[in-house]
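Participant: Structure in structure tokens, see below.
The values are calculated or read from the model by the stated rules, or taken from the named source; none is laboratory data. Not measured: the values here are computed from a predicted model. Here the Cβ positions follow ideal geometry from the backbone for every residue, glycine too, while neighbour counts run over all protein chains shown. Note: areas computed on protein heavy atoms with side chains; ligands, DNA, RNA excluded. Shrake-Rupley method; radii C 1.70, N 1.55, O 1.52, S 1.80 Å.
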Amino acid sequence: MYGKAAFALVFAILILLITYSIFIGTVDIRSYFLPLLPSPPPGAQPLCATGPPLKVYMYDLPRRFNVGMLNRKSTEQAPVTARTWPTWPRNSGLKRQHSVEYWMMGSLLFDGDGGDGRAAVRVSDPELADAFFVPFFSSLSFNTHGHHMTDPATEIDHQLQIDVLKILGESKYWQRSGGRDHVIPLTHPNAFRFLRPQINASIQIVVDFGRYPHVMSNLSKDVVSPYVHVVDSFTDDNHSNPYESRATLLFFQGRTFRKDEGIVRVKLAKILAGYDDVHYERSVATGDNIKASSQRMRSSKFCLHPAGDTPSSCRLFDAIVSHCVPVIVSDEIELPFEDEIDYTKFSLFFSFKEALEPGYMVDQLRKFPKDRWIEMWRQLNAISHHFEFHYPPEKEDAVNMLWRQVKHKLPAVKLAVHRNRRLKIPDWWRRRK
């Protein structure tokens, strides 16, 4: 009898201690009742919860604003549908790297209700929309109409910008928000170059902020996108000894004469000359050179990403899908999805000053521990699907990651729109001394 009483007393005390611990937050109740929850796979990145898909209204623009530029011989002008959606041409060369606009538009045309893991779905009623998508291929327009900035054919690009702004200006939804809840892809640094100040308020999809002042494009309102990679993805990278299978220490192939911060490439060519395990080659992006670059990335431990005309470039994402650890030399680079992905787990960063110190960077790479490199290689295998563009879209691919980023911007957009409706003096805080 006394034994039962003692047992009951001990049990009661344990219950009180556990309840108190839960109350003050020192014990996670899930560890008692959910001990068998599966752990995330090794190398998987913890991604933010998405909730219901973003509801997006897409303007029905004539084909001359988008896919008509993929086949300029076609006279069809009716808005494209899922049934008539064309495949991206395989022989497009470097135009592909700026094709984010194509993949975002395709993701909205694809039939489905969001139950397939998509982060955004198209709605036909603009009153139900969380955001508005403008399917103008501004990057492809720049790349298509004229071969250089002063080419008379660029007037076609100019006129398209005038026409799309006229359509938007007549929309009550553009007027209602001043364009703040409108999403416009601008991944080429010269996209929408004639009239870009007129879309400053919109959510711009950009690859970096190298060409524009902060009042025009910045992290607080815009979304950083990856370039669309141009090399083939390394889908069967399952070598038993990946470190030893990659004989080249550091690889770079590309243009070396660049503007602005890209001048670092010429300096790096001198700094990195004479090393047997470093491949630094001046090259242009022909089809054959892209194939050669792909094979060399797959046989290199580290792939160099120096700044170009702007802080970012396509080769960073070519390296990621090749599972070649990126070595980033770009002091002003901004990276996609950085609120969800920690790039330091699979990339190395050197400042301009560090990279241009003779022998320093190569010495650091040669001393880099094998086990840490293998862990970074595993991370690259685990996260590279976030940088793939697909049609139809796939769960947590680059397009869905971009729509998720757009969703993150909308609370600030709604705040700005609602305040603007009621403020009599919109910029009163700027006038205070």
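Participant: Any idea how many residues of segment 286-323 are crowded, with 17+ Cβ neighbours inside 10 Å and in a loop (DSSP other than H, G, I, E, B)? Can you show your working first?
Facilitator: Of the residues in segment 286-323, the ones crowded, with 17+ Cβ neighbours inside 10 Å are 290, 293-294, 296-298, 300-308, 310-323.
Now drop any that are not in a loop (DSSP other than H, G, I, E, B), which leaves 307-308, 310-314, 322-323.
Total meeting the criteria: 9.
Participant: From the list Leu70, Leu47, which residue is open to solvent by less than 70 Å² (accessible area, probe 1.4 Å), of a type in the set (A, V, I, L, M) and either more than 23 Å from Val228 (Cα to Cα) or modelled with pLDDT of 80 or more (or both)?
Facilitator: Working: Leu47 fails: either more than 23 Å from Val228 (Cα to Cα) or modelled with pLDDT of 80 or more (or both).
Matching residue, one of Leu70, Leu47: Leu70.
Participant: Any residue in segment 226-243 that is touching a residue at least 60 places away in the same chain (Cβ under 8 Å), assigned to a strand (DSSP E or B) and within 29 Å of Phe368 (Cβ to Cβ)?
Facilitator: Here is the first cut: in segment 226-243, the ones touching a residue at least 60 places away in the same chain (Cβ under 8 Å) are 226-234, 237, 242-243.
Now narrow it down to the ones that are assigned to a strand (DSSP E or B): none.
Scanning segment 226-243, I find no residue that is touching a residue at least 60 places away in the same chain (Cβ under 8 Å), assigned to a strand (DSSP E or B) and within 29 Å of Phe368 (Cβ to Cβ), so the answer is no.
Participant: Does Leu268 meet the test of being outside any helix (DSSP H, G or I) and touching a residue at least 40 places away in the same chain (Cβ under 8 Å)?
Facilitator: Numbers: outside any helix (DSSP H, G or I): no; touching a residue at least 40 places away in the same chain (Cβ under 8 Å): yes.
When the stated conditions are applied, Leu268 does not pass them.
Participant: Please work out if Asp181 is of a type in the set (D, E, K, R) and surrounded by 23 or more Cβ atoms within 10 Å (Cβ to Cβ). Show your work before the answer.
Facilitator: Numbers: of a type in the set (D, E, K, R): yes; surrounded by 23 or more Cβ atoms within 10 Å (Cβ to Cβ): yes.
Considered against the rule, which asks whether it is of a type in the set (D, E, K, R) and surrounded by 23 or more Cβ atoms within 10 Å (Cβ to Cβ), Asp181 comes out as yes.
Participant: Examine segment 337-359 for a residue that is modelled with pLDDT of 95 or more, in contact with a Ser or Thr (Cβ under 6 Å, 6 or more places away or on another chain) and crowded, with 20+ Cβ neighbours inside 10 Å, and state whether such a residue exists.
Facilitator: Checked against the condition, which is being modelled with pLDDT of 95 or more, in contact with a Ser or Thr (Cβ under 6 Å, 6 or more places away or on another chain) and crowded, with 20+ Cβ neighbours inside 10 Å, segment 337-359 yields no hits at all.
Here's the yes/no breakdown for (1) modelled with pLDDT of 95 or more; (2) surrounded by fewer than 20 Cβ atoms within 10 Å (Cβ to Cβ); (3) of a type in the set (Ser, Thr, Tyr):
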{"residue": "Ile199", "(1), (2), (3)": "yes, no, no"}
{"residue": "Gln204", "(1), (2), (3)": "yes, no, no"}
{"residue": "Asn218", "(1), (2), (3)": "no, yes, no"}
{"residue": "Ser225", "(1), (2), (3)": "yes, no, yes"}
{"residue": "Asp236", "(1), (2), (3)": "no, yes, no"}
{"residue": "Ala247", "(1), (2), (3)": "yes, yes, no"}
{"residue": "Phe252", "(1), (2), (3)": "yes, no, no"}
{"residue": "Lys267", "(1), (2), (3)": "no, yes, no"}
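Participant: Quick one: is Ile167 within 15 Å of the chain's Cα centre (by Cα) and not in a loop (DSSP other than H, G, I, E, B)?
Facilitator: Numbers: within 15 Å of the chain's Cα centre (by Cα): no; not in a loop (DSSP other than H, G, I, E, B): yes.
Judged against the criteria, Ile167 is not a match.
Matching residues to (1) in contact (Cβ under 8 Å) with a residue 60 or more places away in the chain; (2) within 30 Å of Asp276 (Cα to Cα):
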site: Ile320; (1), (2): yes, yes
site: Ile341; (1), (2): yes, no
site: Phe352; (1), (2): yes, yes
site: Asp371; (1), (2): no, yes
site: Phe389; (1), (2): yes, no
site: Asn400; (1), (2): yes, no
site: Gln405; (1), (2): yes, no
site: Arg419; (1), (2): no, no
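Participant: So which residues in segment 367-387 are in a loop (DSSP other than H, G, I, E, B) and open to solvent by 30 Å² or more (accessible area, probe 1.4 Å)? Steps first, please.
Facilitator: So in segment 367-387, the residues in a loop (DSSP other than H, G, I, E, B) come out as 367-369.
Lys367, Pro369 - these are the residues of segment 367-387 that are in a loop (DSSP other than H, G, I, E, B) and open to solvent by 30 Å² or more (accessible area, probe 1.4 Å).
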